[in-house]
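Nothing in this text is a laboratory measurement; each read-out follows from the coordinates by a stated rule. What you see is a predicted model; the values in this text were computed from it and never measured. Neighbour counts run over all protein chains shown; Cβ positions are idealised from the backbone, glycine included.
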Amino acid sequence: MTQEKKILIIDPDKESRDELATFLRENDYYVETGRGFCDAIQKILEGNFSCLIMDVKLPEMKGYEAIPIVKNLDPKIKVIITTKKNTKMLEAKVREHDVFFYFIKSFGKEELKLAINNALNK
């Protein structure tokens, strides 16, 4: 397992989280998952992840509000924020932070896979 393929998925929706994890594992990525921000912090402190895929709606806070904290723990981690529904205001809020990619879930997983590959190769 190469370090650059370690991905952490944080999403409160178990079905979305599991579906994405399965897809990425089938594409030879090492994946760990969690439900919310507390899981993210714990796993980032324990592991060395290259990419964090985090939903914008976490139980504890907005995903974009968590980015500065995540980047403080691991400045090298690439953060991809996901959402089911996009608005111009939400996208503007997300892009104010150090986000690598903003992904709308209805776009399909192939686009997300390309973003992950770009994140891992930067």
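How many residues are closer than 13 Å to HIS97 by Cα, touching a strand residue (DSSP E or B) at 6+ places or on another chain (Cβ under 9 Å) and of a type in the set (D, E, K, R) if we restrict to segment 61-76?
1
Report, by residue number, each residue of segment 10-32 that is crowded, with 19+ Cβ neighbours inside 10 Å and closer than 21 Å to GLU60 by Cα.
Within segment 10-32, ILE10, ASP11, ARG17 qualify.
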